[in-house]
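Scroll down for the structure; my scribbles are underneath it.
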Amino acid sequence: MLDLRRLRLLRELKIRGTIAAVAEALAYSPSSISQQLALLETEAGVPLLVKVGRRVQLTPQAEVLVAHTTQLLERVELMEAELDSSLTEVRGTVRLAVFQSAALGIIPQALTLLAAEHPSLRVEITQREPENALFEVWARDFDLVIAEQYPGHSAPRQPDLDRVALCRDELRLGGAASLRAAGERAWVMEPRGTASRHWAEQLCRSAGFEPDVRFETADLQAHIRLVESGHAVALLPDLVWGGRAPVFPLVSLPGDPVREVFTSVRDASRERPAIVALRDVLERSVDFL
């Protein structure tokens, strides 16, 4: 009989591309991964991997196993959700991936509600960039993600993930009286390659200037300090204040742009009581802002 744990390792190899990446993702040694895959090959009685240069590639037989493994993992997840639904108490662990401003603005109130209403539910929270976190939920590294998409920049869609709107978050300018005036100032922006950075640059260009980006960091608290100290201007989401009053004036932008904040989980786990409970408190936490 084929071992489901080893089958999952084969699926991880399909997803992540290399044994080293699988080892890093699962906190195993590469040699341990290789040994388990060799045992799976013995169990299957057919070749599963072939060497291509310094890497390995899945055989057609391995691809068949991966396709069935995905279905098996979904069935196990559905079974666990149904089992949990038979209990009177919401319990277990939810692994939550969240971007920084949502962690600042939504999570504290959500944890307060969870502690009062579902004390047996454990939530493990990791800060991740939304683009990566959506993939990681699909890959089963996390159970739920709070993600975002900026105007004109749709977030990546992964197969078998749902998407539920959480809130609309206004984006405003700090450190200058207008967007045009900000063209003469130094800027702080998030790193290149992020949707927020691309949107911010396009906004500046549509206003007729190229932003002088002298500070680059994903830490929005650093953005706030640079603006507060007079060293830069920035485009900031309202969510970063967590319902508190901003520490400097904010200016609305042309068209009043907003980013969309949403949650995503795997289809097989969306009826799991722990997921339902966490989504419920997240939605209610937004109302406190």
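Brief remarks on what is shown
- Any hit, segment 9-19, residues being of a type outside the set (Ser, Thr, Tyr), more than 26 Å from ASP160 (Cα to Cα) and at pLDDT below 90: no
- Residue match in segment 227-242 (condition: assigned to a loop (DSSP other than H, G, I, E, B), free of Cβ contacts under 8 Å to residues at least 12 places away in the same chain and not assigned by TED's automatic domain parsing to the domain that holds GLU148): yes
- When residues of segment 187-202 are limited to those that are under 18 Å from the mean Cα position of the chain (by Cα) and not basic (Lys, Arg), the one nearest to GLU129 (Cα to Cα): THR194
- Members of segment 157-190 found to be of a type in the set (D, E, K, R) and either loosely packed, with under 15 Cβ neighbours inside 10 Å or not in a loop (DSSP other than H, G, I, E, B) (or both), listed by number: ARG157, ASP160, ASP162, ARG168, ASP169, GLU170, ARG172, ARG180, GLU184
- The single condition among (1) touching a strand residue (DSSP E or B) at 6+ places or on another chain (Cβ under 9 Å); (2) farther than 18 Å from THR263 by Cα that ALA133 does not satisfy is (2).
- For segment 248-273, filtered to residues that are among the hydrophobic types (A, V, I, L, M, F, W, C) and at pLDDT 95 or above, the residue that is surrounded by the fewest Cβ atoms within 10 Å (Cβ to Cβ) is PHE248.
- Counted as qualifying within segment 1-119 are the strands (runs of 3 or more DSSP E) with 2 or more residues that are out of contact with any Lys or Arg (no Cβ under 6 Å at 6 or more places or on another chain) and surrounded by fewer than 17 Cβ atoms within 10 Å (Cβ to Cβ), namely 49-52, 55-58.
- All told, LEU239 meets the bar of being touching a Ser or Thr at 6+ places or on another chain (Cβ under 8 Å) and either farther than 19 Å from GLN127 by Cβ or surrounded by 13 or more Cβ atoms within 10 Å (Cβ to Cβ) (or both).
- When each of PHE262, PHE288 is tested for being assigned to a strand (DSSP E or B) and among the aromatic types (Phe, Trp, Tyr), the lone residue that passes is PHE262.
The values are calculated or read from the model by the stated rules, or taken from the named source; none is laboratory data. These numbers were taken from a predicted model, which means no experiment stands behind them. Positions of Cβ are generated from backbone atoms using ideal geometry, with glycine treated the same way; all protein chains shown enter the neighbour counts.
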